[in-house]
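Everything on this sheet refers to the single structure shown next.
The values are calculated or read from the model by the stated rules, or taken from the named source; none is laboratory data. What you are looking at is a predicted structure, and each value in this text was computed from that prediction instead of being measured. We place every Cβ from the backbone using ideal geometry, glycine too, and count neighbours over all the protein chains shown. These accessible areas exclude ligands, DNA and RNA; they are computed on the full protein's heavy atoms, side chains included. Shrake-Rupley method; radii C 1.70, N 1.55, O 1.52, S 1.80 Å.
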Amino acid sequence: MYLPHRTWPELSEYFADESLAVVPIGSTEQHGPHLPEGTDHLIAEALAREATDRTGFCCTPPLRIGVSSHHRQFHGTMWVDAPVFRDFVESFSRNLTYHGIDRIVYVNAHGGNVAHLQEVGRRLHEDETAYAIEWMWDESIPGLIEEVFETPGPHGGPKETAMIMHIAEELVRGDRLGDARDGGATFDYDAALVHGARTFYDSIENSPNGVFGDQTDATPEIGERLFEAATDQFVALLEWLDDRPIADLLPERHVPPRSDDDG
């Protein structure tokens, strides 16, 4: 169920019976010479919409701007500062709890958002407002990604390229896949460390065109396999979460609550 397409009386019926909401979150940032800047939020929204169509859970509008300042040297990248992002997502989430939502899944397709979404989830959990967790599609199907790609790349690589080929193939510059591979980098995190220290901050310091991996390995057919496998994983997560009593999801009591008779 897509919230922006429903009326408030229809939504009142949903909130009377259900307490789970899905929030697609991505970014608007460079994804090399071959993919659109909206790659992350397009993937997040497509997965969220498909999974909620299958299950009937509520999907909110997508949040399309994330923590992306590490891509700022490339034209068109948009971002908000991390504290602003955290506060906005927290406020947005508390808005959902006002309507009776007590469990939230952030369908996140941008690595720069991960730590900040987890921090928001921790805040909501600690004050027992809601149980909010972050989910990334590629982390749900690592075995399949390793099976279909020799060099997946962490950003703008064949896995994201294949997903966009499946979701919105008209947005992929197919004639630039070779340029993306040849002008980018094969990401080796260990090789980027100096005596064990992470010495880089911005994407351009590791990749001249901002992307990693071999994009020429991507096809729409592989994208469909990834999309279906990730959706299956996400549907299973939503059903698992919906089945949990909220008491089991909230923090363990450190000290039992006192009664008036305890003095």
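Side notes on the structure shown:
- Hits in the stretch 73-85 (condition: open to solvent by 40 Å² or more (accessible area, probe 1.4 Å) and among the hydrophobic types (A, V, I, L, M, F, W, C)): M78, W79, V80, V84
- Total residues in the stretch 238-262, condition assigned to a helix (DSSP H, G or I) and either among the basic types (K, R) or open to solvent by 40 Å² or more (accessible area, probe 1.4 Å) (or both): 10
- Among the residues examined, V114 does not qualify as in a helix (DSSP H, G or I), at pLDDT 95 or above and farther than 30 Å from E169 by Cβ.
- All of E169, E224 fail the test of being part of a helix (DSSP H, G or I), in contact (Cβ under 8 Å) with a residue 24 or more places away in the chain and exposed (fewer than 14 other Cβ atoms within 10 Å of the Cβ), apart from E169.
- Output for the stretch 172-185, where each listed residue is surrounded by 15 or more Cβ atoms within 10 Å (Cβ to Cβ) and farther than 22 Å from E45 by Cα: R176, L177, D179, A180, R181, G183, G184, A185
- Within the stretch 142-164, being surrounded by fewer than 24 Cβ atoms within 10 Å (Cβ to Cβ) and either basic (K, R) or more than 14 Å from the chain's Cα centre (by Cα) (or both) holds for P142, G143, L144, I145, E146, E147, V148, F149, E150, T151, P152.
- If you filter the stretch 191-219 down to residues that are of a type in the set (D, E) and outside any loop (DSSP other than H, G, I, E, B), you find that the one that is surrounded by the most Cβ atoms within 10 Å (Cβ to Cβ) is D217.
Yes or no, residue by residue, for (1) touching a strand residue (DSSP E or B) at 6+ places or on another chain (Cβ under 6 Å); (2) of a type in the set (V, I, T):
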{"position": "V107", "(1), (2)": "yes, yes"}
{"position": "G111", "(1), (2)": "no, no"}
{"position": "H116", "(1), (2)": "no, no"}
{"position": "E119", "(1), (2)": "no, no"}
{"position": "R122", "(1), (2)": "no, no"}
{"position": "D127", "(1), (2)": "no, no"}
{"position": "E134", "(1), (2)": "yes, no"}
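- Any chance A48 is open to solvent by less than 20 Å² (accessible area, probe 1.4 Å) and part of a strand (DSSP E or B): no
- E139 open to solvent by 50 Å² or more (accessible area, probe 1.4 Å) and either among the hydrophobic types (A, V, I, L, M, F, W, C) or at pLDDT 95 or above (or both): yes
- Search result, residues across the stretch 125-141 that are without any contact (Cβ under 8 Å) to a residue 40 or more places away in the chain and assigned to a loop (DSSP other than H, G, I, E, B): D127, T129, A130, M136
- Any hit, the stretch 90-105, residues being hydrophobic (A, V, I, L, M, F, W, C), part of a helix (DSSP H, G or I) and in contact (Cβ under 8 Å) with a residue 40 or more places away in the chain: yes
- Taken as a whole, the stretch 89-110 holds no residue that is at pLDDT 95 or above, acidic (D, E) and out of contact with any helix residue (DSSP H, G or I) (no Cβ under 7 Å at 6 or more places or on another chain).
- Residue in the stretch 64-72 that is open to solvent by 40 Å² or more (accessible area, probe 1.4 Å), within 24 Å of E170 (Cβ to Cβ) and of a type outside the set (A, V, I, L, M) present: yes
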